[in-house]
Each structure stands twice: as C-alpha cells, then as structure tokens.
Amino acid sequence: MIIDVHSHLFPPSLMDSISKAGGRLPQLSAAPQQSMSLGERFELMAETGVDVGLLSVGVLQPYHHDAATAVSLAREANDTYLEASADSAGRLMTWAVLPLPHIDATLSELDRIGRDANCVGVTFGTSVLDLDLDDEALSPVYEALDERGTTVFVHPSMAFDGFGDNDLGMQRSIGGMFEDTIAGIRLLLSGVVVRYPKINFIVPHLGGTLPFIFGRVRRHIQLAEQRWLAEGLTTDDAPHRGLARLWWDTATRHVPALTCAVETIGADRLMFGTDYPYTKTSEEFASRLAHIRDLPITDGQRDAILGGSAAALLRLDN
C-alpha cells in the first residue's frame, strides 16, 4: 500500500470562512492541481499507484483568539474533510484540526471526531498563534493525545517573520522550511517527544533545513538527551535518541536533499509525501514516487517509506 501522508484539499467554502475570520489562505497560484476535480485526482492516484492520500488543511488552521470562532472553523473543517474522506471509497483519509489555543474546546472536538474511522490523527501548525509547540499552555492537549496514542502531522503556519519589511517573496518560498526546522528541533530540545512518548510527530518537507544543518544541532540534541536521562524521563535501556523520536515526510522537489535526508535522518524514519496540489503537473506528482524508487536503499526500506511505516503507525494495515 502506498500512502501519501502529506496532501491537501482546499474547499472554497472553508477558505471563505477562514478568510472572513482573518486567517491565512493557501497560495493557490503555486498549486495548479487544485483545479482538478476529485475524480481527476483519484485517476491520477490510480495511474501512479498511490492508494491513499491523507488530507491536511495546511495553512487553513482554525486558530483564533475568539473561542467561538475557532470552534466554528474547526468543526467546519473537520466535517468537510471527513465527509470528503467518507465519500472517496477509501482514497482519502483525514488529519483533523483542533480549535487551539482553547483547551476545553480542543478536548471536546478531539472527543467528537477522534474515533471517526476516517480520522488518522490531528494536524498542528508549526505555531499556534503566538505559541510555540513546546509551550506549557499546550500540555493538557498533549496529555490527551498521548493517552490516545495519537499521531500529529505538523505543517508550516506560514507565519515566519524573519525576512524584514521587504521579504522579496521569501516568506512564501522558503519561510515554511524554516518553520519546519524550528518546530522539529523545538519538539526535540524541549523534551516534548519524551514527555509524551505515545505521540508520534511527523514533520514535513524532510524537516525543512534539518538534514543540512544537523552537524550544528547534533550536540544540542545530545545535551538534551543527557538532561532527559538526569530527569528520569528516559533510561539507558530506552534512551529515545535524537531524530529517531520523530518521523519526517519526503515532500521535496530536490533529489539531492532527499539523499541527504536518508543519510542523516535514516530511511526508517521517512514517510512518503507529495504535498499535492503543490505538485505543478501530473508528471511532477509521479516524480515524487520515482524519486523514492530510485534511492539506493533496500527494497524493505523503500516499501516502508512508501507506505509500510505509515500503515503500521496509523493502523491502516488491518
């Protein structure tokens, strides 16, 4: 089974609701395949051998300071995506959204949709309004997700503001990659990954810049591991070491980056992702598979990346 853990659907009605609430919208000019009907999308998946696409809202997160607005947007998003999944004859499943930063409302929504057969887990932005993913305010949510053994798919919030007043388009083109990097490393250094060991986090786009800067952060991660051991969060028998506490998806256009990620992160921690509809053409969509098939790895590792690991993690192999 080939599972695409990173794909999107941008319903106009949901985008309109998010826009009216002041939220961010996706850059559809960079996502030409958004114009495809669901039937055409399913044909493309069938032609390339992709069995299941896991839907994420991307930047259409329902995060809002007003609790009622956040709840309304989260319910609309989840109902829309779960309905699309239910009507897809098994082609689509859903990463659900949560009305953060409102804790009680989030726990209620998790109870409402968490056992839906088409819900594979939840998706978080790389930040929640002004909260980083290791903020103590999110602890009750992590406790609930840990109790359920939930998988969390992380996606850029597209809120990176480090480019100055004139960003020259970099916020859109590379801002998300820095968000991926920061979020993944924060989850590691803060100890979120060991305090809540039953949560599995998937960080997209090969972890942003992580494979290329790992030599600079390796020591920081090692020091964090020593702290976890001293605090009794881990033991010598269960060290929860480094990058192996996270999963990383393969959504990239740059094959050398994929090779670097295999050597740095390890093939056993990678999961196939396309970032559809940000694949410009059907050929590019197919190339995301070809890049995995061409990697110099074992057949077992290739099968795990393409779907085996996701199926086992998300219990889709039953």
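The values are calculated or read from the model by the stated rules, or taken from the named source; none is laboratory data. Just so we're clear, the structure is a prediction, and the values are computed from it rather than from any experiment. FYI the Cβ positions are ideal-geometry reconstructions off the backbone, even for glycines, and counts take in every protein chain you see. Ligands, DNA and RNA are stripped out before the accessible areas are found, and what is left, the full protein with its side chains, is counted by its heavy atoms. Shrake-Rupley method; radii C 1.70, N 1.55, O 1.52, S 1.80 Å.
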## Note on the structure
For the chain, whose charge dipole is built from +1 on Lys and Arg Cβ atoms and -1 on Asp and Glu Cβ atoms, the candidate among ILE2, THR259, ALA68 with its Cα farthest towards the positive end is THR259
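Work out, step by step, the length gained on full extension between ARG186 and ALA244: first 0.36 nm times the residue separation, then minus their alpha carbon distance; give nm to one decimal.
Details: separation 58, 0.36 × 58 = 20.88 nm, distance 1.44 nm.
Full extension from ARG186 to ALA244 adds 19.4 nm.
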### Message
How much length would be gained if the chain were fully extended between PHE163 and GLN226, taking 0.36 nm per residue of separation minus their Cα-Cα distance, in nm to one decimal?
### Response
19.2 nm
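What shape does segment 163-318 take by its C-alpha gyration tensor, where a ≥ b ≥ c are the square roots of the eigenvalues and a/c under 1.5 counts as rounded, a/b above b/c as prolate, and the rest as oblate? Write down the numbers at each step before the final one.
Working: a/c = 1.99, a/b = 1.24, b/c = 1.61.
Oblate shape, in that a/c is at least 1.5 and b/c is the bigger or equal ratio.
Using a simple charge model, +1 on the beta-carbon of Lys and Arg, -1 on the beta-carbon of Asp and Glu, nothing else, what dipole does segment 145-230 show about its Cα centre, in debye to the nearest 20?
Values: 9 positive and 8 negative charges, 87 e Å.
With only Lys, Arg, Asp and Glu charged at Cβ, the dipole is about 420 debye.
In square angstrom, what is the accessible area per residue of the chain with a 1.4 angstrom probe? Show your work: numbers first, answer last.
Working: 13580 Å² over 318 residues.
Each residue of the chain exposes 43 Å² on average to a 1.4 Å probe.
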### Task
Amide H neighbours of VAL59 under 5 Å, at least 5 residues apart or on other chains, H built in the peptide plane: list them.
none
### Query
In debye, nearest 20: dipole of the chain around its Cα centre with unit charges on the Cβ of K, R (+) and D, E (-)?
520
### Task
Rank these residues by their accessible area, most exposed first, probe 1.4 Å: MET45, MET170, MET1, MET15.
MET1, MET170, MET15, MET45
### Query
Counting only protein heavy atoms and using a 1.4 Å probe, what share of the accessible area of segment 187-318 belongs to carbon plus sulfur, as a whole percent?
51
### Message
In the chain, if the dipole is taken from +1 on Lys/Arg beta carbons and -1 on Asp/Glu beta carbons about the Cα centre, which of THR234, THR48, ILE202 is farthest to the positive end?
### Response
THR234
### Message
Just to be sure I understand the model, the point goes 7 Å from the Cα along the line to the Cβ. What's the resulting LYS198 to ASP237 distance in nm?
### Response
2.0
### Query
With point charges of +1 on the Cβ of Lys and Arg and -1 on the Cβ of Asp and Glu, referenced to the Cα centre of the chain, which listed residue (GLY273, ALA117, SER17) lies farthest in the positive direction of the dipole?
GLY273
## Note on the structure
Rounded to the nearest 10 Å², the accessible area of LYS280 using a 1.4 Å probe with every protein chain kept is 80
#### Entry: Approximate spin-label separation MET36-LYS280, in nm, with each point projected 7 Å along Cα-to-Cβ
1.6
### Message
I'd like the accessible area for ARG91, computed on protein heavy atoms only with a 1.4 Å probe and all protein chains in place. Round to 10 Å², please.
### Response
60
### Query
With Cβ to Cβ distances under 9 Å as the rule, what net charge do the other residues near ALA244 carry (K, R +1; D, E -1)?
+2
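With r as the distance between the Cβ atoms of SER29 and ASP111 and R0 = 41 Å, compute the FRET efficiency 1/(1 + (r/R0)^6) and round to 0.05.
On the way: r = 38 Å, r/R0 = 0.93.
About 0.60, to the nearest 0.05.
How high is the relative contact order of segment 71-136, in percent, counting Cα pairs under 8 Å that sit 6 or more residues apart? Could the numbers behind the result be given before it?
Details: 68 pairs, mean separation 20.6, N = 66.
Computed over segment 71-136, the figure is 31 percent.
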### Task
Please list, in chain and number order, the residues 5+ apart from ALA96 or on another chain whose amide H is under 5 Å from its amide H, with Hs placed from the backbone.
VAL120, GLY121, VAL122, THR123
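Count the net charge of all other residues whose Cβ sits under 14 Å from the Cβ of ALA310, scoring Lys and Arg as +1 and Asp and Glu as -1.
-3
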### Three-way shape call for segment 151-206 based on the alpha-carbon gyration tensor, with the a/c threshold at 1.5
prolate
### Query
Using modelled amide H (1.01 Å from N, peptide plane; none on Pro or chain starts), what sits under 5 Å from the amide H of TYR276, excluding residues fewer than 5 places away?
HIS8
### Task
Using only the Cα atoms of segment 95-253, build the gyration tensor, take square roots of its eigenvalues as a ≥ b ≥ c, and label the shape rounded, prolate or oblate: rounded if a/c is under 1.5, else prolate if a/b is larger than b/c, else oblate.
oblate
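Helix-only estimate, please: 222 nm mean residue ellipticity of the chain, summing -39500 (n - 2.57) across DSSP H runs of length 4 or more and dividing by its residues, to the nearest 500.
-13000 deg cm²/dmol
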